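Trainee: This is the structure I want to talk about, given as structure tokens.
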Amino acid sequence: MIEKDLKTYLDKIDNYINISIELIEQASRIYGQYIDDSGSNSEFNKKLKELSDEFKKTYFEITDYTIDDLAPDPFQDLDTSAHTFILTCDNCITFLNQLTEESKGNYWLIKKTLDDCQKDYKKLLNNRRNQHICSLSTCGLPIVLKIDPDSRILLSVYQRLEDSQITCIDLWLSGEISSIQINIELETTDIEKQDILNLALRCLKAIREDLMSLSLVKVIFISFRTSNRLHPGWIRGNKDDILSHISQEVLPDEFEKLFFICYLGDVLVAAQKLDDLAEHSSFSIRDFEAKEILIETAGHLEVLVKKAASDLDPLTDLTMKWSFQHALLSCMQILLKVISATKDQDVANRFIHFFGMFRRPDNVEALQDYSKLFSGICEIIEFLKLRYIVIPNLRKISLGMKINKSPRIAIVQPKICIETDYKDFQLTEDGSKNHLNIFTDYVDKAKQQSVNAIVFPEMFFPASQIQYLKDKSKDSNLIIITGLDYEYDGFGKPINSCAISLPDGNIIKQRKLYASKYDSPSMIRGEDVSVFSESAIGNFSIFICFDYLSSQDLIKLRGVTEILFVLALNPDIRAYHEKAKADAYSYLYGFVVVVNAFDPTNLPPIQGGSGFYGPIKKNRIINRFEERKYGMMIAELPLEDLCKARRGDKISALKSLPANFENLELAKDYPEKEITDIRDFVLRKIKESKRNASLVQKTDYESLIRNNISQNLEEDIQKKGYAIMEIEPVHHGIATRMKASLLINKGLSRKEIKTIITKAIQDVRTRQCFSNEIQESRHKGKLADVVWLDVFNERRHKRYLGACDYYPYYVCTTQWISPRLDRRFCPMPLKGDDEIGDIKIQWSKNYQK
């Protein structure tokens, strides 16, 4: 009995759904005529009223017609989805009817409801195709629900933009009946403000005639998006004002005044800079400019919010709602680049709360949500400014190693003789031999005592033996840090540096920042203060002797580094001893490791004094060489306890945090002149980098196109039955599209040519062919979604390859469109007189074979 009732129910519900689909499609066509002004308001009102009355009847019938509670679950799901679908269709017709009522029609709501119809129909169709339901009834619903609200004029706008080589991503109407807005979303390759304004001007000139036909439209909104879906901003202006200006030659400044402009391009420029940072280990070249742009962007956002608050136009609020998600996504992508480049945990923690700001456009409170976004971004920008601009040339290098909770570190205070070991700041032959023996001996001993790193003094290791250093580090599985004797650049200027050799065979060098009175006066200064993160011994930094006395550089490491190594060759080590005790607790609240040599014969004598210092209770000295002693010393540093103490935990062995340690406001005291000097230096480097980048050879797209053309026509025709004489990439939006001219033999029948066409289309689909970088980035590696072929049986010069019936060598034109391609990116269909499946063919009138 139930089965019979279900069968009756299925027939009924299929009938209701089919009626609803037919009515909503009729309403959609009437809506298109209304937009095109091809029918009067009274006619529109009358037709919609008739449809509405007819639909109400179906709607009330299905409301009263509900499946029995005893029916199994698949039928309950179908019943629910059917009622939902018909209700959405009814809402859509109701909203369409409101277009004729003064100030009640809402185009944005109509578009949204039509989209909901499509979504609800898909759910309904999935439930209708349930295997248990299908076994009871062979009656089914239409495979595709065609709801097309686009008018003839809007389709014309699409086509005109395509003909002007402007990529239109989306196009729709929104707003109330008294103030309708046309929304155009364009793809841009350039994100500078003037570039997107120029693109807007090109767009408006191309569609000027269509805009004049849309008499109901009062406002024009143009949004911009890059190929990687970032959103550089949008513009909005009065249609009549815009059309009156573009009819004459308008200056860029005058054109800009016609619009309310929300420009977020600075954010995207910053994103690109940060993307560059993620690919390089040094912040010194691009970091300052990137963060400055972020700060400037915060100002733009603030102006935007204030501007929106003062604008009472309801379309401004509606536009802000639609653009909010774009702005939010762009800002989040930038923050992801910041996190990628800096590995900054604090920024990552702040990033999470932005996920809570996602919501549907109709649920966005524009002013409030933009203010929250602005506030959140400003907070992060201020944080970045303090950490990376005020302390700008901080270089972070991740070593990608497992961190030990309590690393064991060995320091070597070797007994040397400067008078015999060195000449002009370089090790002599005997000096190199002596130092290498000391080096090898202590590295082997350190390996036996399971240390993680071993450290030698300034200028200790011969730079000429760098390969031996790398091999020894790899064989012993140790991080080896050692000063190198002087090296010279191509102009003969000396370099004092240290080497950090890693167990994986890599080696990193760091230059001394400042020359002391013991150094060569022509020594080349280093540029960066480095922090080595994710190492076996935690985050560590290195100063070479005199660098340690620069408080302006030491402050950069506050809260960032955990261990500071000071490599010295210094007779006055007592000053370092007192400074290290204080810094270990106050400035750094971390470990300071001073590594000096011992040479009692030098004048003045170098007394050693190497040691470990930390924020431990009592005297803050972990271990230190006694006077006139040399050799190796090992200390196990409580790294995990230090990290806990920095978070505010009480650790019995360590002193409590110093006052204001967690407050990076201290960085504001960084000297203004130093910031200005660094800024000038960095910007010069940026200009040099851009200049060098412009000289890099780019892809030769003309050669790429030529390589896809048959090099030997006769040979290709013999092998494949056709040859490609010409190929052209005509990609549009997300659609990968190719156009080719084929050469075939004469005298072939249409049946034979059809076989060749099928084969050639599959071949052309696989070709990789682009006109520019944007096309390459978007379409590389994809099969073509659309293929056009012009087929000829006689070879001609390019300018004579016109697909015209008058030419006897022209055979046919074909078009293939993938059935999976988004309708918005499908070209106008070819009106052919023949077909092979999805391939349309238009034969030449002169080709009768």
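Trainee: Given Ile454, Ile397, which one is open to solvent by 10 Å² or more (accessible area, probe 1.4 Å), hydrophobic (A, V, I, L, M, F, W, C) and in a strand (DSSP E or B)?
Mentor: Exactly one of Ile454, Ile397 is open to solvent by 10 Å² or more (accessible area, probe 1.4 Å), hydrophobic (A, V, I, L, M, F, W, C) and in a strand (DSSP E or B), namely Ile397.
Trainee: Among the numbered conditions (1) at pLDDT 85 or above; (2) of a type in the set (D, E, K, R); (3) closer than 23 Å to Ser156 by Cα, tell me where Arg823 comes up short.
Mentor: Against the list (1) at pLDDT 85 or above; (2) of a type in the set (D, E, K, R); (3) closer than 23 Å to Ser156 by Cα, Arg823 comes up short only on (1).
Trainee: Conditions first: (1) in contact with a Cys (Cβ under 9 Å, 6 or more places away or on another chain); (2) within 28 Å of Gln98 (Cβ to Cβ). Ser215 passes all but one, so which condition is the exception?
Mentor: (1)
Trainee: A follow-up question, please. Contact list please: Cβ distance under 6 Å, first residue in the stretch 617-633 and within 19 Å of Arg574 (Cα to Cα), second residue exposed (fewer than 11 other Cβ atoms within 10 Å of the Cβ), pairs at least six apart or on different chains.
Mentor: From residues that are within 19 Å of Arg574 (Cα to Cα), there are no pairs.
Trainee: Only one residue in Lys474, Lys493 is surrounded by fewer than 21 Cβ atoms within 10 Å (Cβ to Cβ), over 20 Å from Gly400 (Cα atoms) and among the basic types (Lys, Arg). Which one? Give the steps one after another, and end with the answer.
Mentor: Working: Lys474 fails: over 20 Å from Gly400 (Cα atoms).
Residue meeting the stated conditions: Lys493.
Trainee: Could you say which residue among Lys746, Lys739 is touching a residue at least 40 places away in the same chain (Cβ under 8 Å), open to solvent by 70 Å² or more (accessible area, probe 1.4 Å) and within 21 Å of Ile166 (Cβ to Cβ)?
Mentor: Lys739
Trainee: Let me ask something additional. Of all residues in the stretch 835-849, how many are open to solvent by less than 60 Å² (accessible area, probe 1.4 Å) and at pLDDT 90 or above?
Mentor: Number satisfying all stated conditions: 3.
Trainee: May I ask you to list pairs of residues, at least six apart or on different chains, whose Cβ atoms are under 7 Å apart, with the first in the stretch 97-118 being farther than 13 Å from Ile24 by Cα and the second being charged (D, E, K, R)?
Mentor: Hits for this filter: Gln98/Lys104; Ser103/Glu176; Gly105/Glu176; Asn106/Glu176.
Trainee: Is it true that some residue in the stretch 185-196 is more than 25 Å from Cys826 (Cβ to Cβ), of a type outside the set (Lys, Arg) and free of Cβ contacts under 8 Å to residues at least 12 places away in the same chain?
Mentor: yes
Trainee: What is the number of the single condition among (1) open to solvent by 60 Å² or more (accessible area, probe 1.4 Å); (2) at pLDDT below 85; (3) assigned to a helix (DSSP H, G or I) that Thr80 does not meet?
Mentor: (2)
Trainee: Within the stretch 1-17, track down each residue that is modelled with pLDDT of 80 or more and either closer than 16 Å to Cys92 by Cα or open to solvent by less than 60 Å² (accessible area, probe 1.4 Å) (or both).
Mentor: Leu10, Ile13, Asp14, Tyr16, Ile17
Trainee: Answer yes or no as to whether Ser156 is loosely packed, with under 15 Cβ neighbours inside 10 Å and modelled with pLDDT of 80 or more. Can you show your working first?
Mentor: Values: loosely packed, with under 15 Cβ neighbours inside 10 Å: no; modelled with pLDDT of 80 or more: yes.
The answer is no for Ser156.
Trainee: Turning to a different aspect of this structure: Of the conditions (1) farther than 30 Å from Ala453 by Cβ; (2) part of a helix (DSSP H, G or I); (3) at pLDDT 70 or above, Lys307 clears all except one; give me its number.
Mentor: Just one mismatch for Lys307, condition (3).
Trainee: When you scan the stretch 587-608, how many residues do you find that are more than 40 Å from the chain's Cα centre (by Cα) and either open to solvent by 10 Å² or more (accessible area, probe 1.4 Å) or under 15 Å from Asp421 (Cα atoms) (or both)?
Mentor: Total satisfying the criteria: 11.
Trainee: Oh, and also: Can you name the condition, by its number, that Gln768 falls short on among (1) more than 24 Å from Glu187 (Cα to Cα); (2) open to solvent by 50 Å² or more (accessible area, probe 1.4 Å); (3) assigned to a loop (DSSP other than H, G, I, E, B)?
Mentor: (1)
Trainee: Identify all residues within the stretch 407-416 that are open to solvent by less than 40 Å² (accessible area, probe 1.4 Å) and either over 19 Å from Val566 (Cβ atoms) or touching a strand residue (DSSP E or B) at 6+ places or on another chain (Cβ under 6 Å) (or both); write none if there are none.
Mentor: Ile409, Ala410, Ile411, Val412, Gln413, Ile416, listed by residue number.
Trainee: Could you tell me whether any residue of the stretch 424-444 is of a type in the set (Phe, Trp, Tyr), under 15 Å from Leu569 (Cβ atoms), within 45 Å of the chain's Cα centre (by Cα) and outside any helix (DSSP H, G or I)?
Mentor: Checked the stretch 424-444: no residue is of a type in the set (Phe, Trp, Tyr), under 15 Å from Leu569 (Cβ atoms), within 45 Å of the chain's Cα centre (by Cα) and outside any helix (DSSP H, G or I).
Trainee: Tally time: how many residues in the stretch 628-660 are more than 19 Å from Val566 (Cβ to Cβ) and either open to solvent by 20 Å² or more (accessible area, probe 1.4 Å) or assigned to a loop (DSSP other than H, G, I, E, B) (or both)?
Mentor: So the answer is 21.
Trainee: Here's another thing I want to ask about it. Tally up the residues in the stretch 524-565 that are touching an Asp or Glu at 6+ places or on another chain (Cβ under 7 Å), among the β-branched types (Val, Ile, Thr) and either surrounded by fewer than 19 Cβ atoms within 10 Å (Cβ to Cβ) or in a loop (DSSP other than H, G, I, E, B) (or both), please.
Mentor: 1
Trainee: Taking the criterion of being open to solvent by less than 60 Å² (accessible area, probe 1.4 Å), modelled with pLDDT of 55 or more and within 33 Å of the chain's Cα centre (by Cα), would at least one residue in the stretch 707-719 satisfy it?
Mentor: Residues of the stretch 707-719 that are open to solvent by less than 60 Å² (accessible area, probe 1.4 Å), as a first pass: 708-710, 713, 716-717.
If we keep only those that are modelled with pLDDT of 55 or more too, we end up with 708-710, 713, 716-717.
Pick out the ones that are also within 33 Å of the chain's Cα centre (by Cα) and you get 708.
Yes, the stretch 707-719 contains a residue that is open to solvent by less than 60 Å² (accessible area, probe 1.4 Å), modelled with pLDDT of 55 or more and within 33 Å of the chain's Cα centre (by Cα).
Trainee: Give the residue, chosen from Ser535, Ser541, Ser530, that is modelled with pLDDT under 85 and either of a type outside the set (Ser, Thr, Tyr) or farther than 17 Å from Glu487 by Cβ (or both).
Mentor: Residue meeting the stated conditions: Ser530.
Trainee: Filter the stretch 771-792 for residues that are open to solvent by 10 Å² or more (accessible area, probe 1.4 Å), over 18 Å from Asn707 (Cα atoms) and of a type outside the set (Val, Ile, Thr); which is modelled with the lowest pLDDT?
Mentor: Ser777
Trainee: Another question about this same structure. Of Leu513, Leu484, Leu502, which residue is touching a residue at least 24 places away in the same chain (Cβ under 8 Å), under 21 Å from Lys402 (Cβ atoms) and of a type in the set (A, V, I, L, M)? Can you show your working first?
Mentor: Details: Leu513 fails: under 21 Å from Lys402 (Cβ atoms); Leu484 fails: under 21 Å from Lys402 (Cβ atoms).
Residue meeting the stated conditions: Leu502.
The values are calculated or read from the model by the stated rules, or taken from the named source; none is laboratory data. Keep in mind that what you see is a predicted model, and the values were worked out from it rather than measured. No Cβ is skipped: glycine too gets one built from the backbone with ideal geometry, and neighbour counts run over all protein chains shown. Protein only, heavy atoms only, side chains kept; ligands, DNA and RNA dropped before computing areas. Shrake-Rupley method; radii C 1.70, N 1.55, O 1.52, S 1.80 Å.
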